[in-house]
Amino acid sequence: MSETSSSGRPIVIAANRLPVMRTNEGDWSPSPGGLVRALYPMLRESGGTWVGWTGDPDDHAEPFSVEGVDLHPVPISAEEMNLYYEGFSNDALWPLYHDALRESTYDSEQWDAYKTVNERFATALAEIAPADSIVWVHDYQLQLVPGLLRARRPDLTIGFFLHIPFPSVDLFTRLPWRDDIVQGLLGCDLVGFQRPRDAQNFIATVEQLLEADTSDDTVSFDGRTVVAADYPISIDVAEVEEIATGRATRQRTSQIRARLGDPEVIMLGVDRLDYTKGIGLRLRAFAQLLEDERLDPTRHVMVQVATPTREAVEHYQDERASIERLVGEINGRFSRIGLPVVHYLYQTLPYDELVALYRAGDVMLVTPFRDGMNLVAKEYAAAHIDGDGVLVLSEFAGAAEELTDAVQVNPHDDRALQDAIVEAVEMHRHERRGRMSGLRDQIRKSDVQGWADRFLAALEVASSTASR
Ligand code: GDG
């Protein structure tokens, strides 16, 4: 824990979802995930609070506390869920911020719901944040909150972290409500991004839209200075290593290999079933390699975990249908009785099972068209305590900035992707181990706790220099 986070100032986190889930007995327990693991202990120590939605529509639950952290539910109705979350957040902002990979829907009713929910979050935060506390707002669903909160509570230190990319000026300015969004973010003392390029895009956008004074990493607007910089997120490395080392995981990994028919090489993909992740692309590359006999279905198999997500949004339904058709085609053509060549799981697996799969994966395929960071790539390296395994990584994942020992590839180039897969499959043991050692050194240098500490330390510096 850094000196800054133990400086005694209470911390309030705001995110779309609360960091807890209901147990079978109807109680609450912290949800799995690196963000929760990084922030929970800090909140416990600072006497902090997390503000967010419980996940159930129209849930007007009173504030409660789980393992020493105060949780403050913000109600969201079923209709708002549809307009603010599935609509504006995931059908307008998500595709726009990911290189406009799908057409965005711009709908003023959805925008109104986005504003209403952001106002509700800002009102809740203004009421509960202790005097002079630190408020850390997360992600694209809540971009108006910093500005709304600053107007109500100028005493607060406000930070924001965007988990997804910030697009180029040319893309961002398509957004009908572009000025409102950037002004919302400028209510912060510090706006954090995954990559330097995201921060640069933000600064260039502010410069163009608001004609504000900017420098490399600051914006002067409305008499205040706002810092915009990159803080690449990471994972709980120790936790993944602990699971990976466990006896149960080792046994499960051997069992998985055996169940797959003890192939020479297991290729693995793990993604939310999202059109940004390039799942179809890698399946097509795999199929072409089988077709060209550069891979052999008796020696090389693929496992693709595609976690259900945003199933009410049409682009996601289309993507699922297209992937499932492709899996069917490939298996129809190349499988043998009892031995499919692609093992496809449209499921959310327990985390232990995921780590066992990472360990079983000889080659990990992470091929997004665009990704803020991609934690799966980092989790794969953390799980490979055996020092072996090859990561094939898209140049368009934020993780590519740090994970330079991966086999990096432009996933839009189908031949290059096929070659990268063959390179990974055929890589000499010595080179595999050298690269994996580089990947593991890199992620150990910056785990999620370090990320949170760095962000909060920079936020306190930014707020002490900003004139309010
Ligand atoms: C957003 C940004 C950025 C996946 N399947 C299962 C499962 N997972 C877990 C993984 C990993 C997480 O979900 C996925 O994180 P990613 O980073 O890969 O992707 P997004 O969900 O799109 O996350 C992304 C991230 O925010 C953080 O800032 O890196 O760029 O898009 O932790 O392990 N977990 C379990 N079962 C599954 O089936 N338990």
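The values are calculated or read from the model by the stated rules, or taken from the named source; none is laboratory data. From a predicted model like this one, the values you see are computed outputs, not experimental measurements. FYI the Cβ positions are ideal-geometry reconstructions off the backbone, even for glycines, and counts take in every protein chain you see. Calculation scope for accessible area: heavy atoms of the full protein, side chains included, ligands and nucleic acids excluded. Shrake-Rupley method; radii C 1.70, N 1.55, O 1.52, S 1.80 Å.
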Lone unmet requirement of (1) within 23 Å of the chain's Cα centre (by Cα); (2) surrounded by fewer than 20 Cβ atoms within 10 Å (Cβ to Cβ); (3) among the β-branched types (Val, Ile, Thr) for residue 158: (2)
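Looking only at strands (runs of 3 or more DSSP E) that fall completely inside segment 189-297, which ones have 1 or more residues that are under 30 Å from residue 332 (Cα atoms) and in the same structural domain as residue 402 (by TED's automatic domain parsing)?
Details: elements: 190-193, 218-221, 224-230, 265-272.
Filter on segment 189-297 gives 265-272.
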Candidates 99, 56, 112 - the one that is closer than 23 Å to residue 187 by Cα and surrounded by fewer than 16 Cβ atoms within 10 Å (Cβ to Cβ): 112
Search result, residues across segment 347-365 that are open to solvent by 50 Å² or more (accessible area, probe 1.4 Å) and either in a loop (DSSP other than H, G, I, E, B) or more than 9 Å from the ligand (Cβ to nearest atom) (or both): 347, 348, 350
Some residue of segment 405-417 being in contact (Cβ under 8 Å) with a residue 12 or more places away in the chain, more than 16 Å from the ligand (Cβ to nearest atom), under 16 Å from residue 268 (Cα atoms) and among the small types (Gly, Ala, Ser): no
Residue satisfying condition, being under 24 Å from residue 392 (Cα atoms), modelled with pLDDT under 95, under 26 Å from the mean Cα position of the chain (by Cα) and not charged (D, E, K, R), within set 368, 308: 308
Breaking point among (1) buried (at least 23 other Cβ atoms within 10 Å of the Cβ); (2) free of Cβ contacts under 8 Å to residues at least 60 places away in the same chain; (3) away from the ligand (no atom under 16 Å from the Cβ), for residue 426: (1)
Filtered residue count, segment 372-385, keeping only those that are near the ligand (Cβ under 7 Å from one of its atoms), of a type outside the set (D, E, K, R) and in contact with a helix residue (DSSP H, G or I) (Cβ under 8 Å, 6 or more places away or on another chain): 4
Lone unmet requirement of (1) in a helix (DSSP H, G or I); (2) buried (at least 21 other Cβ atoms within 10 Å of the Cβ); (3) away from the ligand (no atom under 12 Å from the Cβ) for residue 50: (1)
Lone qualifier among 369, 396 - being out of contact with any Lys or Arg (no Cβ under 6 Å at 6 or more places or on another chain), within 16 Å of the ligand (Cβ to nearest atom) and aromatic (Phe, Trp, Tyr): 369
Among (1) aliphatic (A, V, I, L, M); (2) more than 16 Å from the ligand (Cβ to nearest atom); (3) surrounded by fewer than 18 Cβ atoms within 10 Å (Cβ to Cβ), the one test that residue 248 misses: (2)
So residue 280, is it open to solvent by less than 20 Å² (accessible area, probe 1.4 Å), within 16 Å of the ligand (Cβ to nearest atom) and small (Gly, Ala, Ser): no
Extreme residue, farthest from residue 348 (Cα to Cα), among residues of segment 251-277 that are surrounded by fewer than 21 Cβ atoms within 10 Å (Cβ to Cβ), within 16 Å of the ligand (Cβ to nearest atom) and basic (Lys, Arg): 252
Search result, residues across segment 97-120 that are in a helix (DSSP H, G or I), out of contact with any Leu (no Cβ under 6 Å at 6 or more places or on another chain) and among the hydrophobic types (A, V, I, L, M, F, W, C): 111, 117
Index of the failed condition, residue 310 passing every other in (1) part of a loop (DSSP other than H, G, I, E, B); (2) basic (Lys, Arg); (3) more than 30 Å from residue 431 (Cβ to Cβ); (4) more than 12 Å from the ligand (Cβ to nearest atom): (4)
Flag if residue 448 is in contact (Cβ under 8 Å) with a residue 60 or more places away in the chain, over 24 Å from the mean Cα position of the chain (by Cα), surrounded by 19 or more Cβ atoms within 10 Å (Cβ to Cβ) and within 19 Å of residue 380 (Cα to Cα): no
